[in-house]
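The structure appears right after this line, and notes come after that.
The values are calculated or read from the model by the stated rules, or taken from the named source; none is laboratory data. Source: prediction; values computed, not measured. When we count neighbours, we look across all protein chains shown, and the Cβ atoms used for this are built from the backbone with ideal geometry, even at glycine. Keep in mind that these areas ignore ligands, DNA and RNA; they rest on the heavy atoms of the full protein, side chains included. Shrake-Rupley method; radii C 1.70, N 1.55, O 1.52, S 1.80 Å.
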Amino acid sequence: MSRTARYSRLPRSARLGSVLAALLVAAGLGLAAPAQADTAGRGFQPSHPDQDHAGSTIAAHEGVGTGGARPLVTQTGGMDVASYQGTVDWSTAAANGAGFAYVKATEGTGYTNPYFAQQYDGSYQAGLIRGAYHFALPNASSGSAQASWFVGHGGGWSADGLTLPPALDIEYNPYGASCYGLGQSAMVSWIRDFSNTVDSLTGRYPTIYTTTDWWSSCTGNYGGFGATNPLWIARYSSSPGTLPNGWAYQTFWQYADSGTFPGDQDTFNGAYSRLQALATG
């Protein structure tokens, strides 16, 4: 079909809009299309979700310290992966001592990890305790909408002793303002909406992945989730450092973005038997 024929089939209002936009561009007053517009009418959609994963924004905002994990109690080593890692050699990871893995399942309400089956099922088959996580986009849709998308696309839970609680990855916005344009109370409400929806759908409150700096800035260091949600703290240094308000200890600590295992390096704050207890519920 010719360009002229396609144009002629447009409604008259659309043709006039195109002409007006062209005139404005010629006059130096071009109209910019909304960033990340979604033709399906779902609002903001991420342009590079395969690059977004737990910790993908941390180094740029908080830097990277020196040294590895310095545990005070028995720790269980593990990792987190996303489509960024592609196909993972789980048998080697298990042989190297990995006890668990978190796998990115979803982002927003339109993205699913294309490697999720290989990563989630593969880690299970290799004997690791594994769980799924969701990369939050609080400016895109409600917490309940994203929680429902997540649970419906890999973010479930079962009391089999090999499935970790679903997790929420809430960190710096990779597409704009660090706090996604939400005020602190609105952010707390969004997280609560997500958390309560996951709990109602799976029977488990989600683990919350974040950094102390982000949490302080974007939630006002809100302390109301510590009684229900395990903490997965991100800090690339020799200790987890000061934790967000409400948590006396971390359950997981992401301490490096590379190391012995594929993906990011994590520890569970306890022996393997306690990790099994967490998975069992």
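Test VAL88 against the criterion of being in a loop (DSSP other than H, G, I, E, B) and surrounded by fewer than 23 Cβ atoms within 10 Å (Cβ to Cβ), and give yes or no. For VAL88, the condition - in a loop (DSSP other than H, G, I, E, B) and surrounded by fewer than 23 Cβ atoms within 10 Å (Cβ to Cβ) - is met.
Against the test of being over 23 Å from HIS48 (Cβ atoms), crowded, with 17+ Cβ neighbours inside 10 Å, in contact (Cβ under 8 Å) with a residue 40 or more places away in the chain and not aliphatic (A, V, I, L, M), the options GLY156, GLY161 yield a single qualifying residue, GLY156. Entry remark, region 197-215: residues being crowded, with 16+ Cβ neighbours inside 10 Å and in a helix (DSSP H, G or I) number 9 in total. Could you say whether any residue in region 245-266 is surrounded by fewer than 17 Cβ atoms within 10 Å (Cβ to Cβ), closer than 22 Å to GLY154 by Cα and either of a type in the set (S, T, N, Q) or at pLDDT 95 or above (or both)? No: zero hits.
Rundown of residues vs (1) under 30 Å from TYR180 (Cβ atoms); (2) part of a strand (DSSP E or B); (3) open to solvent by less than 10 Å² (accessible area, probe 1.4 Å); (4) in contact with a strand residue (DSSP E or B) (Cβ under 6 Å, 6 or more places away or on another chain), yes/no style:
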| site | (1), (2), (3), (4) |
| --- | --- |
| THR74 | no, no, no, no |
| ASP80 | yes, yes, yes, yes |
| THR92 | no, no, no, no |
| VAL103 | yes, yes, yes, yes |
| THR109 | yes, no, no, no |
| ALA117 | yes, no, no, no |
| ASP121 | no, no, no, no |
| TYR124 | no, no, no, yes |
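The set of residues in region 222-237 being of a type in the set (S, T, N, Q) and either farther than 22 Å from SER144 by Cα or crowded, with 23+ Cβ neighbours inside 10 Å (or both) consists of ASN229, SER237. Within region 154-186, being of a type in the set (Asp, Glu) and in a loop (DSSP other than H, G, I, E, B) holds for ASP160, GLU171. Among the residues of region 269-281, those identified as open to solvent by 10 Å² or more (accessible area, probe 1.4 Å) and either touching a Leu at 6+ places or on another chain (Cβ under 6 Å) or closer than 17 Å to ALA94 by Cα (or both) are ALA271, TYR272, SER273, GLN276. Take the conditions of a type in the set (Asp, Glu), in a helix (DSSP H, G or I) and in contact (Cβ under 8 Å) with a residue 60 or more places away in the chain and apply them to ASP193. Does it pass? For ASP193, the condition - of a type in the set (Asp, Glu), in a helix (DSSP H, G or I) and in contact (Cβ under 8 Å) with a residue 60 or more places away in the chain - is not met.
Of the residues making up region 129-153, those that are crowded, with 21+ Cβ neighbours inside 10 Å and not in a helix (DSSP H, G or I) are ILE129, ARG130, GLY131, ALA132, TYR133, HIS134, PHE135, ALA136, LEU137, PRO138, ALA140. The residue that is farthest from GLY131 (Cα to Cα), counting only those in region 211-238 that are polar (S, T, N, Q) and in contact with a Leu (Cβ under 9 Å, 6 or more places away or on another chain), is THR212.
Close contacts from region 134-145, counting a first residue that is farther than 19 Å from ASN113 by Cα and a second that is at pLDDT below 95 and open to solvent by less than 30 Å² (accessible area, probe 1.4 Å), with Cβ to Cβ under 6 Å and a gap of 6+ residues or different chains, come to none at all.
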